[in-house]
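Participant: My questions all concern the structure below.
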Amino acid sequence: MRIGILALQGAYVKHQEMLNRLGCRSIFVRFPHDLVGLDALLLPGGESTSMHYQLVRTGLLSPIKEFACSHPVFGTCAGLILLADWGLLDITVARNAYGRQAASFSKELEIKLTPPKKIEAVFIRAPKIEKIHSSEIEVLADTPVFIRQGKYLAATFHPELTNDPSIHHYFIQLCEKKL
Ligand code: GLN
């Protein structure tokens with residue numbers, strides 16, 4: 001299996017380190033041809049407006065949306081915002097909902113893996129999921145900061161910035177259709 005990590009802007013390097021640790025192959029996606037042969041995609045955190053403009057500039061926007069319609073995708077933070085903007089997650093999101101960059105924080109969360117697990121979650125100028133519009137969406141944490149809708153996984157925080165690979169492991173299992 002090979003996962004593509006969108007690498008135009010933002011926190012993509014740490015995601016690759018996490019996937020490496022789990023023995024999962026990945027490549028950085030910067031051009032449309034990078035999507036060929038990939039099994040899944042990871043959209044990192046960063047700044048969603050800037051990512052959007054760079055997706056337009058590189059000609060990636062349409063191919064990546066098309067890819068995302070038929071493959072598993074994990075969006076973290078700005079990546080979650082893109083998935084919601086593309087209509088792939090049925091949620092309403094408020095950007096920068098906790099305030100400015102300086103109001104970033106980290107918090108312990110219980111996530112609903114089997115068995116449930118406590119993790120430290122890092123929120124950086126994070127969005128908030130204000131409304132969930134589909135009964136298909138599973139909330140995988142004690143508050144709606146980590147969700148799954150079918151083949152899409154999304155977190156409003158940065159799971160690549162801690163030492164705990166559980167969330168990336170969950171995504172790999174989802175890609176391998178083990179969940
Ligand atoms: N504030 C960013 C945005 O609106 C998201 C922050 C992040 O990805 N850490 O796109």
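Participant: Can you tell me how many residues in segment 137-171 are of a type in the set (Asp, Glu) and assigned to a loop (DSSP other than H, G, I, E, B)?
Facilitator: From segment 137-171, those of a type in the set (Asp, Glu) are 138, 142, 160, 164; that's our starting set.
If we keep only those that are assigned to a loop (DSSP other than H, G, I, E, B) too, we end up with 142, 164.
Residues meeting the conditions: 2.
Participant: Another question about this same structure. Collect the residues in segment 128-146 that are more than 15 Å from the ligand (Cβ to nearest atom) and either within 20 Å of ILE5 (Cβ to Cβ) or of a type outside the set (Val, Ile, Thr) (or both), keeping them in residue-number order.
Facilitator: Kept after step one, since they are more than 15 Å from the ligand (Cβ to nearest atom), are these residues of segment 128-146: 131-144.
Those that are more than 15 Å from the ligand (Cβ to nearest atom) and either within 20 Å of ILE5 (Cβ to Cβ) or of a type outside the set (Val, Ile, Thr) (or both): LYS131, HIS133, SER134, SER135, GLU136, GLU138, LEU140, ALA141, ASP142, PRO144.
Participant: Here is a list: ALA103, ALA94. Which entry is modelled with pLDDT under 95 and not aromatic (Phe, Trp, Tyr)?
Facilitator: Numbers: ALA94 fails: modelled with pLDDT under 95.
Result: ALA103 is the single residue among ALA103, ALA94 that is modelled with pLDDT under 95 and not aromatic (Phe, Trp, Tyr).
Participant: Here's a follow-up. Please name all residue pairs, on different chains or six or more residues apart, with Cβ atoms under 9 Å, provided the first residue is in segment 117-137 and is in contact (Cβ under 8 Å) with a residue 60 or more places away in the chain and the second residue is hydrophobic (A, V, I, L, M, F, W, C).
Facilitator: ILE124/ALA11; ILE124/CYS77; ILE124/PHE105; ILE124/PHE157; ILE124/LEU161
Rundown of residues vs (1) farther than 24 Å from GLY4 by Cα; (2) buried (at least 19 other Cβ atoms within 10 Å of the Cβ), yes/no style:
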residue	(1), (2)
THR49	no, no
ARG57	no, no
LEU60	no, yes
PHE67	no, yes
THR76	no, yes
GLN101	yes, no
SER106	yes, no
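Participant: Please enumerate the residues belonging to segment 1-17 that are modelled with pLDDT of 95 or more, within 16 Å of the ligand (Cβ to nearest atom) and of a type in the set (A, V, I, L, M).
Facilitator: ILE5, LEU6, ALA7, LEU8, VAL13
Participant: Here is a check on your reading of the model: is ARG148 over 12 Å from the mean Cα position of the chain (by Cα) and within 24 Å of THR92 (Cα to Cα)?
Facilitator: Working: over 12 Å from the mean Cα position of the chain (by Cα): no; within 24 Å of THR92 (Cα to Cα): yes.
Here the answer is no, as ARG148 does not meet what is asked.
Participant: Output yes when any residue across segment 96-108 is in contact with a helix residue (DSSP H, G or I) (Cβ under 8 Å, 6 or more places away or on another chain) and free of Cβ contacts under 8 Å to residues at least 60 places away in the same chain, and no when none is.
Facilitator: Checked segment 96-108: no residue is in contact with a helix residue (DSSP H, G or I) (Cβ under 8 Å, 6 or more places away or on another chain) and free of Cβ contacts under 8 Å to residues at least 60 places away in the same chain.
Participant: Looking at ARG125, is it charged (D, E, K, R), within 16 Å of the ligand (Cβ to nearest atom), on the phi > 0 side of the Ramachandran plot and at pLDDT 95 or above?
Facilitator: Spelling it out, ARG125 is indeed charged (D, E, K, R), within 16 Å of the ligand (Cβ to nearest atom), on the phi > 0 side of the Ramachandran plot and at pLDDT 95 or above.
Participant: Right, something else. If a residue must be more than 25 Å from LYS177 (Cα to Cα) and of a type outside the set (S, T, N, Q), how many such residues does segment 34-63 contain?
Facilitator: Here is the first cut: in segment 34-63, the residues more than 25 Å from LYS177 (Cα to Cα) are 46-62.
Applying the additional criterion that residues be of a type outside the set (S, T, N, Q) yields 46-47, 51-53, 55-57, 59-61.
The number of residues fulfilling the criteria is 11.
Participant: Next question. Do any strands (runs of 3 or more DSSP E) entirely within segment 1-78 hold 2 or more residues that are in contact (Cβ under 8 Å) with a residue 40 or more places away in the chain and touching a strand residue (DSSP E or B) at 6+ places or on another chain (Cβ under 9 Å), and if so, which? Quick ask: steps written out before the conclusion?
Facilitator: Numbers: elements: 2-6, 25-29, 40-43, 73-76.
So the answer is 2-6, 40-43, 73-76.
The values are calculated or read from the model by the stated rules, or taken from the named source; none is laboratory data. None of these values were measured; they are calculated from a predicted model. Note: ideal-geometry Cβ built from the backbone for every residue, glycine included; neighbour counts use all protein chains shown.
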